[in-house]
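Quick note: the coordinates plus some simple rules give every number you see, no bench work behind them. Predicted model, so just to flag it, every value in this text is computed and none were measured.
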Amino acid sequence: MVTVALPDTWVYALRLPHDPRAARVARTTVRAVLNGHGMAEVLEAVELLTSELVTNAYMHARGPASLRLTALGEGRLRVGVWDRHPYIPAPFARPPGDRVPPASVGGVGGRGLFLVQEFADAWGGWSLGDGLLDRGAGKLLWFEVCGRR
């Protein structure tokens, strides 16, 4: 009998249409992938943060978005969300040690990205160009979480 061992590193990518249901599709995908790879210990945080990033992509960018889940080994997972809007919001535009303040109590928004700095171990963002020749390449926001070590 042959025993199959799952690889420690892997990548899943999903193209998401500009649709209000995209965040739900992303959460369902995250749940299936992480459960399938035995990463249930980070599932809730990854689901929450992925939902936030995909929702923001739908709300602030026109056109599709992409989700990429990458296992980096040793229990580390990187999640990236690409969209066509070039603006990189805080906390992604700041170094991880530079904290953004929580949203005001009466504020309507601004809580979601604050969650990134509370639940992610690392995060960042890259502008992919918004110049005349860049054709609105947008941005990539990412975060990492660490599970078992």
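So for region 41-83, Kirkwood radius off the Cα pairs, Stokes-Einstein at 25 °C and 0.890 mPa s: how many µm² s⁻¹?
In µm²/s, the coefficient rounds to 221.
Please say if region 21-101 is rounded, prolate or oblate, where rounded means a/c under 1.5 for a ≥ b ≥ c the square roots of the C-alpha gyration tensor eigenvalues, and otherwise the choice is prolate for a/b larger than b/c and oblate otherwise?
Oblate, since a/c reaches 1.5 and b/c is not below a/b.
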